[in-house]
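Everything below concerns the one structure shown next.
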Amino acid sequence: MAQAEIGLIGLGVMGSNLALNIAEKGFKVAVYNRTRDVTHKFFNNAGKLAENIIPCDNLDELVAAIRPPRPIIILIKAGEPVDNEIRLLREKLSKNDIIIDSGNANFRDTMRRFKELEDSGLTYIGMGISGGEEGARHGPAIMVGGKEESYKRIEKILDAVAAKYKKEPCSAWLGENGAGHFVKTIHNGIEYADMQMISEVYGLMRDGLGMKAAEIAAVFKKWNTGRLNSYLIEITAEVLSVIDAKAKKPIVDVILDRAGQKGTGKWAVIEAQTMGVSASTIEAAVDARVLSSMKVDRTAAEKAYKITRKKISPKSRATFLRHLEAALYAGKIAAYAQGFAVMEQASNEFKWNLPLGTIAKIWRAGCIIRSQFLGLITQAFVKSGGKGNLLMAPAFMKMMKESHGSLRAVVAQAALVGAPAPALSNALSYFDTYRQGRGTANLIQAQRDFFGAHGFERIGEEGAFHGPWAGTE
Ligand code: 6PG
């Protein structure tokens, strides 16, 4: 049998689907899983695609099966397992072979691994892939970080397996070392914000307007035909329509209101904070997951406070639903503006030269946040040369001017009836703060100077000043 073009370690859900995708596109792929049975079961179930798959029982077999320089994708649990796998592979691989970590790695680990492999002659790629199981099988969005030459070796394979947006592959080399994993982290941060804002709007319909799951599903379905058209809105409508066979009622009504998280959203927020870039909408979404997990405390607090949830009684339900749609859109603009601002800053700090327009472009299909909206972001970055806050892009300014009133109406209503809307509220606060020339930090400066003699700046004057209170007991 001819040698494989690429290797893949880890035949879990993502790995096995990606391997089938590679094989289907006509590339020979050598696969290896720690448990031998998993490898053989995978091979035996691959049907016609098995002719492009070489099952390997150990790393020596895997390495021997691939044409050098050997690209090997690792798709295993992020963290220590990846370090262990690299250690094992390092002994077996030769100069110019390429280790590709495709898990949801923390980009700081990816940067460290680059450094550790620097003198080994091996090259390393940190590659974010998005789209879940379905995406891995039929076309994910692929975000690559590493040496451009190494990327060139696998470009053809990646372009073939990636999702296509109007025939353009949703895969790109985005920069050196940690760039790919960083961009994937921000993708996930935005994913958290999108999901949270959708669930807040769902909450306002369910608890505020007293709508049934099926009615809410119909609303999302309708919205999906308009400017909110996206994978997440589409699946929300679908999820809300499913009836649980056991309980014979909408499945969402029997699912516990407690969502887990694996860490990427949190990393996005930590990095934003470290760089001093505002990402409050994403942060609110991460925080909402934390609070969601405190089910016992929340239930006890509800009993202790006994504040009855009020209903929203709009003059017209249709008008309020229109506000909800526009609020979600405005919130989305703010969340994406923050996510892209974090990437712009990271690009400067890590000297990646991240192509923001290309990132928006490769997110248009395949990934979890894919949407029509990303096409508008792509266009905005084409016009701005890939720089600047989206809130200042003329097309987005127009959209924000049209929809911020609705965001305001929804956040105000939510506050009045006591329905939490943390991501939408933070999106609004971000917008209102960002567009305010004269804020209130003058008072913060004065307070800091008062208690700590930190000094303050004066309007229109150079230098640091102290107030008359300095030295006050
Ligand atoms: C994707 C998803 C994927 C995964 C996240 C979910 O882009 O395909 O983001 O990476 O679903 O890990 O993260 P949480 O478990 O933290 O929600």
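Just give me the residues in region 151-162 being touching a residue at least 60 places away in the same chain (Cβ under 8 Å) and either open to solvent by less than 10 Å² (accessible area, probe 1.4 Å) or within 15 Å of the ligand (Cβ to nearest atom) (or both), in sequence order.
Passing the criteria: Ile154, Ile157, Val161, Ala162.
Out of everything in region 189-210 that is within 16 Å of the ligand (Cβ to nearest atom) and among the small types (Gly, Ala, Ser), what residue ends up being surrounded by the most Cβ atoms within 10 Å (Cβ to Cβ)?
So the first thing to find is which residues in region 189-210 are within 16 Å of the ligand (Cβ to nearest atom), and the list is 189-199.
Within this subset, residues satisfying the condition of being among the small types (Gly, Ala, Ser) are 189, 193, 199.
Details: Gly189: 29, Ala193: 33, Ser199: 19.
Checked region 189-210; the qualifying residue surrounded by the most Cβ atoms within 10 Å (Cβ to Cβ) is Ala193.
Checking Ala65 against (1) of a type in the set (A, V, I, L, M); (2) out of contact with any strand residue (DSSP E or B) (no Cβ under 6 Å at 6 or more places or on another chain); (3) touching a residue at least 60 places away in the same chain (Cβ under 8 Å), which test does it fail?
(2)
So Phe340 clears everything in (1) open to solvent by less than 10 Å² (accessible area, probe 1.4 Å); (2) aromatic (Phe, Trp, Tyr); (3) over 27 Å from the mean Cα position of the chain (by Cα) except one condition, right? Which one?
(3) is the only condition that Phe340 fails.
Exactly one condition in (1) away from the ligand (no atom under 15 Å from the Cβ); (2) open to solvent by less than 60 Å² (accessible area, probe 1.4 Å) is false for Lys315; which is it?
So the condition that Lys315 fails would be (2).
Anything in region 97-125 that is within 14 Å of the ligand (Cβ to nearest atom) and part of a strand (DSSP E or B)? List them, or say none.
If the condition is that a residue be within 14 Å of the ligand (Cβ to nearest atom) and part of a strand (DSSP E or B), then Asp101 is the only one that fits.
Against the definition (open to solvent by less than 30 Å² (accessible area, probe 1.4 Å) and polar (S, T, N, Q)), how does Ser102 come out, yes or no?
Yes; evaluated as a whole, the condition is true for this residue.
When you look at Ile186, is it away from the ligand (no atom under 14 Å from the Cβ) and not hydroxyl-bearing (Ser, Thr, Tyr), yes or no?
Working: away from the ligand (no atom under 14 Å from the Cβ): no; not hydroxyl-bearing (Ser, Thr, Tyr): yes.
Here the answer is no, as Ile186 does not meet what is asked.
Do we have Arg258 as open to solvent by 80 Å² or more (accessible area, probe 1.4 Å) and either under 20 Å from Ala414 (Cα atoms) or modelled with pLDDT under 95 (or both) here? Break it down stepwise before answering.
On the way: open to solvent by 80 Å² or more (accessible area, probe 1.4 Å): yes; either under 20 Å from Ala414 (Cα atoms) or modelled with pLDDT under 95 (or both): no.
No, not satisfied.
Being buried (at least 19 other Cβ atoms within 10 Å of the Cβ) and assigned by TED's automatic domain parsing to the domain that holds Tyr329 is true for just one of Thr264, Thr225, Thr299. Which residue is that? Steps first, answer last, please.
Working: Thr225 fails: buried (at least 19 other Cβ atoms within 10 Å of the Cβ); Thr299 fails: buried (at least 19 other Cβ atoms within 10 Å of the Cβ).
Within the list Thr264, Thr225, Thr299, the selection yields Thr264.
Is it the case that region 347-366 has a residue that's of a type in the set (Ser, Thr, Tyr), open to solvent by 10 Å² or more (accessible area, probe 1.4 Å) and at pLDDT below 95? Walk me through it before giving the result.
Residues of region 347-366 of a type in the set (Ser, Thr, Tyr): 347, 358.
Checking which are open to solvent by 10 Å² or more (accessible area, probe 1.4 Å) leaves us with 347, 358.
Filter again for at pLDDT below 95, leaving none.
No, region 347-366 has no match at all.
The values are calculated or read from the model by the stated rules, or taken from the named source; none is laboratory data. Because the structure is predicted, anything quoted here is derived from the model rather than measured. All Cβ positions, even for glycine, are placed from backbone atoms using ideal geometry, and neighbour counts span all protein chains on display. These accessible areas exclude ligands, DNA and RNA; they are computed on the full protein's heavy atoms, side chains included. Shrake-Rupley method; radii C 1.70, N 1.55, O 1.52, S 1.80 Å.
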